[in-house]
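S.K.: First the structure, then my questions, so here it is.
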Amino acid sequence: MCAEGRPEVTEDGVRFFSGQVGDAYLRRRPIQRGLTVVMWRGRHVAEPTALGEDEADRYWRELLIVGRALERVFQPVKLNYNTLGNSVPHLHTHIVPRYADDPSPGWPFPFPEHEPPAMPVEALQAEVDALRAAIMK
């Protein structure tokens with residue numbers, strides 16, 4: 001993660017937010033509409049407990065900015081904030097919108113039976129544009 005810099009587009013998603021310490025990417029193959037990953041872009045850390053006070057303040061504030069944009073655009077009934085790292089040992093947080101018709105209520109992720117297809121480019125770009133506009137509000 002550290003070596004990739006701060007790309008606009010990755011294999012997994014398109015960046016719609018670039019903060020002081022984090023970048024938010026809307027997933028191309030969302031297991032849930034609006035699924036976003038916020039990547040820590042400061043020095044390399046794998047755990048939030050490795051952050052200094054100021055770094056932690058900035059990271060969590062930026063997570064809230066992204067979460068509020070997701071609420072405005074997708075209007076979920078709940079957002080899950082999953083700070084994982086089992087398979088990617090770099091600090092990142094999955095923000096998972098949850099909806100009234102959620103296929104797996106009560107579980108942290110609404111795992112589909114099969115991996116979803118990539119979103120059509122036009123639909124992905126429209127959602128990225130809406131999220132960027134929501135952040136500006």
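Values quoted throughout were computed directly from the atomic coordinates according to the rules given, and no laboratory measurement underlies them. Note that the structure is a prediction, hence the values are computed from the model and not measured. Reconstructed Cβ throughout: ideal geometry from the backbone, glycine too, with neighbour counts over all protein chains shown.
S.K.: Pairwise over distinct Cα atoms, reciprocal of the mean inverse distance: report the Kirkwood radius of the chain in Å, one decimal place. Walk me through the numbers before you get to the answer.
M.R.: Details: mean 1/r = 0.0654 Å⁻¹.
For the chain, inverting the mean 1/r across all distinct Cα pairs yields 15.3 Å.
S.K.: Between Gln75 and Asp57, what is the label-point separation in nm under the 7 Å Cα-to-beta-carbon projection?
M.R.: 3.6 nm
S.K.: What are the GluC sites (Glu not before Pro) within segment 9-106 that DSSP puts in a loop, where the Cβ has at most 16 other Cβ atoms within 10 Å? Can you show the working numbers first?
M.R.: Working: sites: Glu11, Glu53, Glu55, Glu62, Glu71; in loops: Glu11.
Passing both the DSSP loop test and the Cβ count: Glu11.
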